[in-house]
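Since the structure comes first, as structure tokens, the remarks are kept for the end.
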Amino acid sequence: MKAIILAAGEGSRLGKIGEGRPKCLIKIGDNTLLEIQINTLHVCGIDDISIVRGYEGEKIDVPGLKYYDNPDYASTNMSHSLFCAWKEMAGDILILYADILYEEQVIKRLIESRHDIALGVMVNWKEAIRQRTKIALEELEMVYFDSENRIREIGKRRPEEYETQGQFIGIVKCSHRGIEILKRNYDRVKKLYSGKPFGQAGVFEKSWLTDIFQEMTELGVPLHCVIIERGWMEIDTPEDYERALTDTQFVRRVARMKTNWNHRSGFYNRLDWTGRDELLNAIVEMAGVLRSKKVLDIGTGTGKVLMALKKQCPEANYYGVDICQNMLDKVDASYDFNLFIRDMENLHGFQDNDFDLVTARMVFHHSKNLEKTMTEVYRVLKPMGRFILCEGNPPDLCSIPFYKSIFRFKEDRITFLLDDLVNLLVRQGFQKITSRTVILKDMSLNNWLENSGLPFRNVDIIRKMHYECDVFIKNAYNMKFRNADILMDWKFSVVSGIK
């Protein structure tokens with residue numbers, strides 16, 4: 001699946017908010033509309049992304065994307081812009097407007113559609129319109145569809161002109177067959193209507209995608225709806241922009257950096273830190289003698305912790321849980337571990353007082369609810385069972401803002417200091433708590449960035465932040481600049497407690 005984002009328009013209805021820049025570059029919080037879209041597409045497994053530029057197009061310059069230009073953006077519209085990217089129009093494709101925000105569930109529902117041409121349609125449009133008092137109703141792209149979700153009418157018109165059931169959200173999914181159907185129909189209407197009125201446009205070149213779609217429905221070409229009830233917002237007017245800024249819960253959901261574990265699993269074993277003996281040895285030493293005992297590793301990934309423990313004590317029974325099947329598929333099958341898909345906040349299927357040892361290395365910073373996670377760990381541990389928790393830390397207190405700013409471009413995560421980890425165990429009732437600090441020396445910045453599955457732009461931003469950070473940050477990490485790379489000392493805390 002690839003994506004084409006249509007970003008050629010000027011966005012004049014935004015007034016001064018969008019003045020002098022493409023609409024997709026306005027900021028919602030810390031990120032531009034385009035950055036938020038790209039992040040969501042990456043999370044959904046779409047890395048092949050093309051942008052059609054127009055107004056102030058040279059300002060759209062995100063590394064890792066493909067660019068096509070519509071030099072006639074001022075005298076054309078969406079349909080013309082789309083076909084400026086003709087070269088990309090093969091295979092399965094998502095076509096997206098550039099002035100929308102959407103949650104990943106919206107994209108996933110469209111991707112999963114079995115229809116050759118599927119349009120996202122918001123059925124709660126009346127509720128949305130009540131919040132958009134400044135929008136001209138005739139500017140809305142409204143949809144009427146039948147009981148099988150087949151579109152019967154679509155286009156820009158006032159909702160009362162026919163029995164409106166939804167609003168087109170500016171996202172279309174085409175299968176490899178669907179995109180060929182769309183191309184053939186575009187070629188046909190272009191030959192018939194070039195320079196002439198077409199659909200609701202004064203001239204074909206100014207037509208909207210919905211004009212093409214309406215023509216296709218009238219000819220009997222099947223177009224279908226994917227019903228969307230929430231998780232979408234259009235930014236077309238100053239009122240829309242203000243609404244986006246005030247709807248902080250929605251913006252947090254769409255704008256936070258998310259981790260696509262299926263994507264990252266392909267790179268995970270290349271990360272130097274995952275196999276460094278210093279960290280694994282600290283966990284093994286804290287675990288003690290495991291003969292005939294039962295061990296659970298949470299967030300086991302590709303099984304590095306379990307393998308280190310089993311080499312020390314082959315007789316124990318080893319279990320691992322992770323949220324990503326692709327990760328578990330990369331665990332060496334010869335070790336014969338018991339592996340399960342589980343969320344750390346809900347270790348269902350495991351009995352109370354079940355394990356002698358529970359380990360969690362570099363996974364708690366992903367927890368959505370630390371209290372639930374700790375409760376589950378405590379529940380599955382036997383009395384006198386041991387819990388070992390390992391997390392990375394900023395090198396010192398002064399480095400915390402830098403540490404947090406880096407991960408803002410990598411993933412949504414919790415930042416821990418050693419005291420935070422100790423307090424987690426204390427609050428849960430663990431006894432005999434011990435800790436140690438492990439420093440992994442000369443860790444390669446390039447190795448970390450190039451194998452973290454991040455968008456290219458985020459990689460470039462994080463790398464630049466390291467090169468341009470203050471001297472006290474460079475000293476805290478003991479940075480060494482070597483052949484276009486930076487070698488750094490990374491700090492980890494390993495904490496252990498007894499139930």
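Here are some notes:
- The helices (runs of 4 or more DSSP H) found wholly in region 261-332 and carrying at least 2 residues that are among the small types (G, A, S) and closer than 25 Å to Y378 by Cα occupy 277-287.
- M384 vs. criteria surrounded by fewer than 21 Cβ atoms within 10 Å (Cβ to Cβ), under 28 Å from the mean Cα position of the chain (by Cα), in the same structural domain as G303 (by TED's automatic domain parsing) and under 23 Å from A282 (Cα atoms): no
- Among the residues of region 100-114, the one identified as more than 18 Å from the chain's Cα centre (by Cα) and buried (at least 18 other Cβ atoms within 10 Å of the Cβ) is S113.
- Looking only at residues of region 46-83 that are in a helix (DSSP H, G or I) and free of Cβ contacts under 8 Å to residues at least 40 places away in the same chain, we find that the one that is nearest to R184 (Cα to Cα) is E58.
- Options N393, N353; residue that is of a type outside the set (S, T, Y) and touching a Pro at 6+ places or on another chain (Cβ under 9 Å): N353
- Residues of region 131-148 that are under 21 Å from Y97 (Cβ atoms) and either at pLDDT below 75 or not aromatic (F, W, Y) (or both): Q131, R132, K134, I135, A136, L137, E138, E139, L140, E141, M142, V143.
- Residue ID - nearest to the chain's Cα centre (by Cα), chosen from residues in region 177-214 that are over 19 Å from R150 (Cα atoms), polar (S, T, N, Q) and surrounded by 14 or more Cβ atoms within 10 Å (Cβ to Cβ): S207
- Search result, residues across region 437-485 that are part of a strand (DSSP E or B), in contact (Cβ under 8 Å) with a residue 24 or more places away in the chain and either surrounded by fewer than 18 Cβ atoms within 10 Å (Cβ to Cβ) or within 27 Å of the chain's Cα centre (by Cα) (or both): T437, I439, L440, K441, D442, M443, S444, K480, D485
- Within region 310-332, residues that are in the same structural domain as H366 (by TED's automatic domain parsing) and at positive phi reach no partner that is hydrophobic (A, V, I, L, M, F, W, C) and part of a strand (DSSP E or B) with beta carbons closer than 8 Å at six or more positions or on different chains.
- Enumeration of residues in region 215-247 that are at positive phi and under 32 Å from the mean Cα position of the chain (by Cα): G231
- Verdict on I235 being outside the structural domain of N353 (by TED's automatic domain parsing) and surrounded by 21 or more Cβ atoms within 10 Å (Cβ to Cβ): yes
- In this entry, Y268 is excluded by the filter for residues that are crowded, with 21+ Cβ neighbours inside 10 Å and not hydrophobic (A, V, I, L, M, F, W, C).
- Flag if T302 is in contact with a Gly (Cβ under 8 Å, 6 or more places away or on another chain) and either under 25 Å from Q325 (Cβ atoms) or crowded, with 20+ Cβ neighbours inside 10 Å (or both): no
- Filtered by the rule that a residue be under 21 Å from N269 (Cα atoms), surrounded by fewer than 17 Cβ atoms within 10 Å (Cβ to Cβ) and not aromatic (F, W, Y), region 313-342 gives I323, Q325, N326, D329, K330, D332, A333, S334, D336, N338, I341.
- For region 333-364, a residue qualifies if it is of a type in the set (S, T, N, Q), within 24 Å of N281 (Cα to Cα) and assigned to a strand (DSSP E or B), and the qualifying residues are N338, T359.
- Of all the criteria given as (1) of a type outside the set (F, W, Y); (2) touching a helix residue (DSSP H, G or I) at 6+ places or on another chain (Cβ under 7 Å); (3) at pLDDT below 90; (4) not in a strand (DSSP E or B), the one not satisfied by A128 is (2).
- Residue that is in contact (Cβ under 8 Å) with a residue 60 or more places away in the chain and buried (at least 22 other Cβ atoms within 10 Å of the Cβ), where the choices are L33, L14: L33
- Selection count where residues are touching a helix residue (DSSP H, G or I) at 6+ places or on another chain (Cβ under 8 Å) and under 19 Å from M384 (Cα atoms), scope region 314-343: 2
Conditions tested, residue by residue: (1) under 26 Å from Y403 (Cβ atoms); (2) modelled with pLDDT of 95 or more.
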{"site": "G275", "(1), (2)": "yes, no"}
{"site": "E315", "(1), (2)": "no, no"}
{"site": "I323", "(1), (2)": "yes, no"}
{"site": "K330", "(1), (2)": "no, no"}
{"site": "T359", "(1), (2)": "yes, yes"}
{"site": "H366", "(1), (2)": "yes, no"}
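- Every residue from region 54-99 that is basic (K, R) and more than 23 Å from the chain's Cα centre (by Cα): K59, K87
- Selection of region 411-455 for residues being over 23 Å from R482 (Cα atoms) and of a type in the set (S, T, Y) yields T415, T434, S435, T437.
The values are calculated or read from the model by the stated rules, or taken from the named source; none is laboratory data. Worth saying up front: this structure is predicted, and the values here are computed from it rather than measured. So basically every Cβ, Gly included, is an ideal-geometry build from the backbone, and we count neighbours across all protein chains shown.
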